[in-house]
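What follows is a set of notes on a single structure, which appears directly below.
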Amino acid sequence: MHRILQAVVVAALAAWLAPGAAAGEAAEATPDWVIVVHGGAGAVTPGSYTPEDESGMRSDLGLAVDAAVRILSEGGSSLDAVSEAVRLLEDSPHFNAGRGAVFTAEGENELDASIMLGRSGAAGAVAGVQGVRNPILAARAVMERSPHVMLSGEGAEAFARAQGLEFMPLEWFHTERRRRALEAAQQQAALGNVAPVRGTVGAVALDMRGELAAATSTGGMTNKRWGRIGDSPIIGAGTWADAGCAVSSTGWGEYYIRAVAAYDICARLNYLGEPLDVAARQVVMERIPAMGGDGGVIALSADGAISMPFNTEGMARGFARSDGTLSVALFADE
Ligand code: ASP
């Protein structure tokens, strides 16, 4: 199945990839469009996944990139590109968002998501929702069809239902891998160790009109207390977009909230004039580790530059640009 999916992705990407184009992170001229996705930072090391999981992660990252490429290359919006990429990653059981989300201490899934549009600063978020198949669509509905920015818990679920969004039985979100991770985390917790097992998915995009957007979705941290909210649904921490810069974070949420990580990167770029990569590295590699946290981000500026720093062992990530550059990677040395 995954081999077939991978072949489809490779064929689809090859259709627009310029011959001889190489993957790279710095755009020379502003490209028409860019999509960057992530599937979470953390203990992403060779051997930490079964071959099936590893190829599933690569394949599903590729499918998310490919879906966004189709939208952006046909003149679609960065908002549609990031919400579709994140929706697909939520449906993938390989990532900690939507189906395949990590478990709370009680063995449930409580899901967080947010989305933001660059020029207008419009934003929407949901926190601690259950049963909503695609929390990112609920976050987008909050942004587009309510006067609010964030809804939580049962209120967010009632809103999603009223908007006609799809609900799934709670078991649909469960995976055996996350069940084992919960057991391992609870054994560690009994020994007094807090091992922040987690992950998240996210996307940032630039469209042909020069509009930036960012989206993030997560199950949070394995063995979290019920009611715990991480950085992912918090505008400025897990997600930020303005006219010049867009960021989606993945990392130890308590630190990303306290660092206002996504906003801080864009503020450095906007107010200090720091290049995107300098700003992103300053926050991810200096500020957050100095506080005791870890993780990574994907960041994109209006000139098409991409930065994807992480201070963990790896970060699932991928990007494609209208100049033909593209990449999907999991490990640090890729
Ligand atoms: N930031 C997420 C949270 O703390 C987890 C992650 O990205 O790894 O909820």
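Taking residue 112, is it touching a residue at least 60 places away in the same chain (Cβ under 8 Å) and more than 25 Å from residue 210 (Cβ to Cβ)?
When the stated conditions are applied, residue 112 passes them.
Any chance you could count how many residues in the stretch 307-318 are buried (at least 21 other Cβ atoms within 10 Å of the Cβ) and in contact with a helix residue (DSSP H, G or I) (Cβ under 7 Å, 6 or more places away or on another chain)?
Summing the residues that are buried (at least 21 other Cβ atoms within 10 Å of the Cβ) and in contact with a helix residue (DSSP H, G or I) (Cβ under 7 Å, 6 or more places away or on another chain) in the stretch 307-318 gives 4.
Being in contact (Cβ under 8 Å) with a residue 60 or more places away in the chain, outside any loop (DSSP other than H, G, I, E, B) and surrounded by fewer than 22 Cβ atoms within 10 Å (Cβ to Cβ) is the filter here; which residues of the stretch 73-95 pass it?
Correct list: 73 only.
Within the stretch 84-99, can one find any residue that is at pLDDT 95 or above, within 26 Å of residue 263 (Cα to Cα) and more than 14 Å from the chain's Cα centre (by Cα)?
no
Among the residues of the stretch 96-147, count how many are in a loop (DSSP other than H, G, I, E, B), farther than 14 Å from residue 79 by Cβ and not charged (D, E, K, R).
Within the stretch 96-147, residues that are in a loop (DSSP other than H, G, I, E, B), farther than 14 Å from residue 79 by Cβ and not charged (D, E, K, R) number 15.
Just name the residue that is surrounded by the fewest Cβ atoms within 10 Å (Cβ to Cβ) out of those in the stretch 178-211 that are within 30 Å of residue 243 (Cα to Cα) and within 16 Å of the ligand (Cβ to nearest atom).
Checked the stretch 178-211; the qualifying residue surrounded by the fewest Cβ atoms within 10 Å (Cβ to Cβ) is 199.
Among the residues of the stretch 274-330 satisfying the criterion of being acidic (Asp, Glu) and closer than 18 Å to residue 237 by Cβ, which is modelled with the lowest pLDDT?
294
Which count do you get for residues in the stretch 33-63 that are out of contact with any Gly (no Cβ under 7 Å at 6 or more places or on another chain), in a helix (DSSP H, G or I) and either within 16 Å of the ligand (Cβ to nearest atom) or not charged (D, E, K, R) (or both)?
5
Among the residues in the stretch 325-334, are any part of a loop (DSSP other than H, G, I, E, B), aliphatic (A, V, I, L, M) and surrounded by fewer than 22 Cβ atoms within 10 Å (Cβ to Cβ)?
Applying the first criterion (part of a loop (DSSP other than H, G, I, E, B)) to the stretch 325-334 yields 325, 332-334.
Of the ones still in play, those that are also aliphatic (A, V, I, L, M) are 332.
With the extra rule that they be surrounded by fewer than 22 Cβ atoms within 10 Å (Cβ to Cβ), the set shrinks to 332.
Yes, there is a match, as at least one residue in the stretch 325-334 is part of a loop (DSSP other than H, G, I, E, B), aliphatic (A, V, I, L, M) and surrounded by fewer than 22 Cβ atoms within 10 Å (Cβ to Cβ).
Which numbered condition in (1) touching a residue at least 24 places away in the same chain (Cβ under 8 Å); (2) surrounded by fewer than 14 Cβ atoms within 10 Å (Cβ to Cβ) is the only one that residue 119 fails?
(2)
Taking only pairs six or more apart or across chains, which ones have beta-carbon atoms under 8 Å, a first residue in the stretch 194-213 that is more than 30 Å from residue 177 (Cβ to Cβ), and a second residue that is of a type in the set (Phe, Trp, Tyr)?
206/33; 207/33; 208/33
So which residues in the stretch 162-201 are of a type in the set (A, V, I, L, M, F, W, C), closer than 26 Å to residue 94 by Cα and at pLDDT 95 or above?
The answer is 165, 167, 168, 170, 172, 173, 201.
Among the residues in the stretch 153-161, are any surrounded by 14 or more Cβ atoms within 10 Å (Cβ to Cβ), under 18 Å from the mean Cα position of the chain (by Cα) and either away from the ligand (no atom under 14 Å from the Cβ) or at pLDDT 95 or above (or both)?
No, the stretch 153-161 contains no residue that is surrounded by 14 or more Cβ atoms within 10 Å (Cβ to Cβ), under 18 Å from the mean Cα position of the chain (by Cα) and either away from the ligand (no atom under 14 Å from the Cβ) or at pLDDT 95 or above (or both).
Of all helices (runs of 4 or more DSSP H) completely enclosed by the stretch 218-321, which ones contain at least 3 residues that are away from the ligand (no atom under 12 Å from the Cβ)?
Details: elements: 253-258, 261-267, 276-281, 288-291.
Qualifying helices (runs of 4 or more DSSP H): 261-267, 276-281, 288-291.
Residues to consider are 267, 280; find the one that is free of Cβ contacts under 8 Å to residues at least 40 places away in the same chain, crowded, with 22+ Cβ neighbours inside 10 Å and more than 12 Å from the chain's Cα centre (by Cα).
Answer to the check: 280.
The values are calculated or read from the model by the stated rules, or taken from the named source; none is laboratory data. It should be emphasised that the depicted structure is a prediction, and the values quoted were computed from it without experimental measurement. Ideal geometry is used to build each Cβ from the backbone, glycine not excepted, and the neighbour counts take in all protein chains shown.
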